[in-house]
Amino acid sequence: MSDAIVLLSGGLDSYTAAAIARAEGFGLHALTVSYGQRHVREVEAARAVAQSLGVSRHVEIAVDLSTFGGSSLTSAEPVPKDRPIDPSEIPSTYVPARNTVFLSLALGWAEVLDARDIVIGVNALDYSGYPDCRPEFIAAFEHLAALATAKGVGGARFRVHAPLIALTKAQIIARGLELGLDYGLTHSCYDPHADGAPCGRCDSCVLRAAGFAQAGVPDPLVTRFHRS
C-alpha cells in the first residue's frame with residue numbers, strides 16, 4: 001500500500017477526496033493548515049473527519065495568511081452573501097495563492113515520507129471561480145514538483161490527485177454516500193454563526209445546499225443544527 005498526503009480542510013470536498021484515495025488503497029497522512037481564516041470551525045471538523053477516515057497521522061500546521069490579508073476569509077472584509085455565483089468572476093473569498101502554499105507544504109511532507117502522491121479536493125465545476133482549482137494549475141504543480149525536489153531531480157514523479165475536479169457537487173455527494181461518509185462531520189460555511197451553524201447565504205453554503213438538493217438527500221449538518 002502506497003502512502004498519500006491528503007490536504008484535509010474539514011469540508012465536504014476534501015473529505016470525499018480523501019475517502020476516494022483510501023478506497024483506492026492509499027494509506028492516508030492528513031495535513032490541515034490553519035491559515036488565519038475566520039471560519040476556524042473547519043479545523044475542528046478536520047479533526048473529526050481525520051478520525052472518521054482512520055488516517056495514519058493528522059498534522060495541523062499554522063501558516064497565518066491573514067498577515068497579508070487580501071481575502072474576506074483572512075480579514076475583516078465582509079463575506080459576500082445572497083449573490084448570484086459567476087464562475088468567471090474571482091470573488092473576495094479567494095485567498096491569494098492558498099492552494100499553492102498548501103500543496104507546497106504537502107509536497108515537503110511527501111518528500112520526507114518518501115511518498116509520491118498528494119490528494120486535494122479541488123473542483124472545477126461547482127466552485128466559486130478560484131484560479132487554483134483548475135486542471136491547468138494541478139498539472140503545473142506536478143511539473144513544479146519534479147523540478148523543485150531532490151526526489152524529483154532523482155527521477156521520482158509526484159502526482160497530485162484531484163478526483164473531484166470534473167464532478168458536480170451532487171456527484172461528489174453521491175460518491176461520498178456510496179463510500180459511507182457522514183457529511184454531518186464536515187463544515188463548509190465561510191461565515192458561520194457563533195455556535196458553528198452555517199449561515200446558509202455565502203457562496204459555499206449555496207453550492208453545498210444545491211448539491212444536496214440535486215443529489216436528492218438532506219444535508220445532515222443542516223438537519224443537526226435545525227434540531228438543536
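Quick notes
- Per-peptide packing, taken as the mean over residues of other Cβ atoms within 10 Å, places 136-144, 167-175 in the sequence 167-175, 136-144 from highest down.
- Cα-based shape type of the range 63-137, given that a ≥ b ≥ c are square roots of the gyration tensor eigenvalues and the cut on a/c is 1.5: oblate
- Each Lys and Arg contributes +1 and each Asp and Glu -1, all at the Cβ; summed about the Cα centre of the range 92-201, the dipole is approximately 220 debye.
- Distances between placed amide hydrogens fall under 5 Å for Arg57 paired with Ala30, all partners being 5 or more residues away or on another chain.
- Amide H contacts of Gly27: Ser2, Asp3, Ala4, each under 5 Å away and 5 or more positions distant or on a separate chain (H built 1.01 Å from N in the peptide plane; Pro and chain starts excluded).
- Of the residues His187, Ala170, His143, the one whose Cα sits farthest toward the positive end of the charge dipole of the range 126-202, with +1 on the Cβ of Lys and Arg and -1 on the Cβ of Asp and Glu, is His143.
- With every protein chain in place, the chain: carbon and sulfur % of accessible area (1.4 Å): 55 percent
- Taken one residue at a time, the phi angles of the range 87-92 give Karplus couplings (6.51, -1.76, 1.60, θ = phi - 60°) of x, 7, 10, 8, x, 5 Hz. Gly and Pro are set to x.
- Sparse packing (at most 16 other Cβ atoms within 10 Å of the Cβ) combined with a DSSP loop state is found for the following chymotrypsin sites (Phe, Trp or Tyr not before Pro) in the range 38-124: Phe68.
- Where only C-alpha atoms are counted, convex hull volume of the chain per residue in Å³: 117 Å³
- Derived scalar couplings between HN and Hα for the range 55-71 equal 5, 5, 7, 10, 9, 10, 10, 9, 9, 7, 6, 5, 4, 8, x, x, 8 Hz in order, rounded to whole Hz, by the Karplus curve 6.51 cos²θ - 1.76 cosθ + 1.60 (θ = phi - 60°), x for Gly and Pro.
- The chain: angle of helix 203-215 to the longest principal axis, Cα-based, in degrees nearest 10: 90 degrees
- Phi angles across the range 103-112 convert, under the Karplus curve 6.51 cos²θ - 1.76 cosθ + 1.60 with θ = phi - 60°, into 3J(HN,Hα) values of 5, 5, 5, 5, 5, x, 5, 4, 5, 5 Hz, Gly and Pro given as x.
- Of the peptides 84-93, 180-189, 52-61, 28-37, the order by per-residue mean of other Cβ atoms within 10 Å, starting with the highest, comes out as 28-37, 180-189, 52-61, 84-93.
- Built amide H within the under 5 Å cut-off of His161, gap 5+: Ile118, Val119, Ile120
The values are calculated or read from the model by the stated rules, or taken from the named source; none is laboratory data. Note that the coordinates shown come from a computational prediction; the quantities given were computed from them, not determined experimentally. Methodologically, a virtual Cβ is constructed for each residue, glycine included, from the backbone with ideal geometry; neighbour enumeration extends over all protein chains shown. Heads up: the accessible areas ignore ligands, DNA and RNA and are worked out on the full protein's heavy atoms, side chains in. Shrake-Rupley method; radii C 1.70, N 1.55, O 1.52, S 1.80 Å.
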